[in-house]
Amino acid sequence: MAVWNVINHTELGSDGATLVDWTSISSSYDHLIAMLSTRADSTAIGESFKVQLNGDTSATDYSYTNMYGDGTTTIQQENQTGQATVSAYPRMLGTGDGLTNNFSGTRIYFFDYSNTDKFKSVLTENCAPSKTTGAGQGYIYLNSGLWADTSAINQITITASSNDFESGSTATLYGINGVA
Amino acid sequence: MAIIEAISSNYADADTASFDFTSIPSTYEHLQMRGTLRYSGAINSTTPYFKINNTATGATGVEYTVQNIRGEGSSAYLSMSVAQDFCWWYSVPALQNSTSLYGEQAQNYGTWEMTVFDYANASKTALCMVRCGMNSVTASYNIASWGCFMWESNNAVDQLTVYTPGSNWFRGSYMNLYGIKSA
């Protein structure tokens, strides 16, 4: 039995506000991992995107802790409860970065996602390095998120917080098996 | 069908100047490089240097950005450098081998893991996400770091080189390269 399995791979053929809306996700794996390569259709230096589960968009069920930094030397941290997304500020670059075709990289882990006795824990690693230093430039982001719901995750939706994902952005969802 | 496949394994039977992965096939979606490092040079520790496609020059205007968060002993740091002629990692996942302030533990190797996203896409820069660490048994010289580097070129990545300027990776160091498929 394969340990890693591709559930879906998506590449945007045109700009869009939604990167993926993975539905009817099988419960037959132990964990899920999403790997993203994304860029914003925006004139800003960068834009963020959000991750929501099972179509739950209410600002009550998610909480998260973030550690992140930009092109300065100050490490920042925040934690929030009662949020509408499990991973609030992963970043993708826009044209304000000054470098065409600079895509961010993101890896999102959904642990024990089909266990109906547990709330769902999510870990996000996101890097969006720019070619200029200073405040607002470049971005690295670690996130620990919680969806306070015992439902098995069967839907993952990733949308831009504003503007669109640029065409060529990609997302792959992997199912990870343990010992059968 | 395996989704993750080993592309190449480089184990240093003797001290070696670099780990060089060439002719990397374009048939995967992402790459992962994983291994342990120890340094045979004359200073206490070193950081790995990276070249993509054997390019380590700013003369062409195609340069590297490096950015990471790290804990070193009791302090934490955030750093970013742009317009670099090569990639170098701020923190130090490789101890020196010979007798030195930190180097007396011959079995002590630093760790390294790096993911290269959508590496074969000729319409994207090369984005590498890195996690690494090193711990000394006898000295308070311990590091955990995470972050990324970016190579401005849109060329597909077909060569990755890990080296340490002016010295060698100590025998026993190794780097493996894996490909991750998307179909």
Quick P(r) readout (the protein assembly as shown; Cα-Cα; 10 Å bins; whole %) gives 5, 24, 33, 26, 10, 1
DSSP loop (so not H, G, I, E, B), at most 16 other Cβ within 10 Å: list which chymotrypsin sites (Phe, Trp or Tyr not before Pro) in segment A:38-127 pass both filters.
A:Phe111, A:Phe119
Counting only the backbone N, which residues of segment A:1-35 are under 12 Å from the spot 7 Å out from the Cα of B:Ala183 toward its beta-carbon?
A:9-11
Given charges at beta-carbon only (K, R positive; D, E negative), |dipole| of the protein assembly as shown in Debye
580
Could you tell me the center-to-center distance, by alpha carbons, between segment B:65-86 and segment A:29-79 in angstrom?
21
Counting other chain Cβ atoms within 10 Å of each Cβ in A:89-102 and taking the mean gives 2
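Which links in A:Lys50/A:Lys118; A:Lys50/A:Lys120; B:Lys51/B:Lys124 stretch past 19 Å when you go from one Cα to the other?
Working: A:Lys50/A:Lys118 22 Å; A:Lys50/A:Lys120 16 Å; B:Lys51/B:Lys124 17 Å.
As for pairs spanning more than 19 Å Cα to Cα, those are A:Lys50/A:Lys118.
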Counting DSSP beta bridges with both ends in the protein assembly as shown, the antiparallel % (nearest 5)
100
Strictly under 4.7 angstrom between C-beta atoms: which cysteines of the protein assembly as shown have no such partner?
B:Cys87, B:Cys128, B:Cys132
If each part is reduced to its alpha-carbon centroid, segment A:84-154 and segment B:164-183 end up apart, in Å, by 27
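FYI, it's all coordinate maths here, none of it is from the lab. Treat the numbers as computed from the prediction; the structure is a model and nothing was measured. As a convention, Cβ positions derive from the backbone with ideal geometry for all residues, glycine included, and neighbour counts pool all protein chains shown.
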